[in-house]
Amino acid sequence: MDNQEYLEPWQREAVNFIERFHSLTGGLPKDDDTLKYLRLMKFNDITFNDLEKLKENKLFIASMDARGIRSKDEFISARQLAAANAMLNLTDRRSDEKKLRDLGISTTEWSAWMLNQHFVAYMKELSERVVENNMHEAHMGLMRGVRQGNTNSIKLYYEMTGRYNPNSENEVNVRMVIGKVLEAIQRRVREPKVLNELAVELSQIAIEAGSPVAKSINVIPSTRKEIS
């Protein structure tokens, strides 16, 4: 086995099956599944013992590594750690492809790693730390926009410091629209009871639309003098 120069047909078929399974699920198939597939492909003499030996085969391991598939996905390798740190380094201006190439990692291998739940979890944890540790970058970017006179940056700055509330404009608009609608209704409806019911219903609509001030809108009196 140690002197084997190439994988046997059934071993290559096993590699193909594992690669397809990993690309769809991000995990490794159980030996039962691999064995069923091999028997489906007419390799009826292969046993569980053969599969165990295959996992120790240097050519098989090399084939898996070339595809970014590890036989033991529960730990992060040194190459994966180096790649993760490089890809999340904000000061490294190289393209992602060049970062990987300089580390001797193919894009195929990287894509397979991103299907590995343990590696993805590590990347997520590391990226969240990057976000937490670089809040000053967001603040400095905001202040650069303010200094340059960027209107959106200035609005956001005023919102963050409590000097501007965009919702207040919406509240004024809701109040104005309700008032105009009810004024139009008042000119055409004569019954005070109907007018009051309409006022309550329109106020409720405004509340459901997200206007907290709509509760206090008083646009129609409880009684109304009839116009002769």
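Only the coordinates and a few stated rules stand behind these numbers; no lab work does. In this text, all values refer to a predicted model and were calculated from it rather than measured experimentally. Neighbour counts run over all protein chains shown; Cβ positions are idealised from the backbone, glycine included.
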**Message:** Compute the distance from the alpha-carbon center of region 138-154 to that of region 17-33, in whole Å.
**Reply:** 49 Å
**Prompt:** What is the calculated FRET efficiency for Leu90 to Gln117, with r their C-beta to C-beta distance and R₀ = 25 Å, to the nearest 0.05?
**Reply:** 0.50
**Message:** Once R0 is set to 30 Å, what does the formula 1/(1 + (r/R0)^6) return for the Cβ-Cβ distance between Lys155 and Ala78, expressed as a FRET efficiency to the nearest 0.05?
**Reply:** 0.05
**Request:** Measure up Lys58/Lys98; Lys30/Lys53; Lys58/Lys124; Lys99/Lys124; Lys53/Lys98 against 25 Å on the Cα-Cα distance and list the ones that go over.
**Result:** Lys58/Lys98; Lys58/Lys124; Lys53/Lys98
**Asked** What is the extension gain from Glu191 to Val130, computed as 0.36 nm multiplied by their sequence separation minus the C-alpha to C-alpha distance, in nm to one decimal?
**Response** 15.5 nm
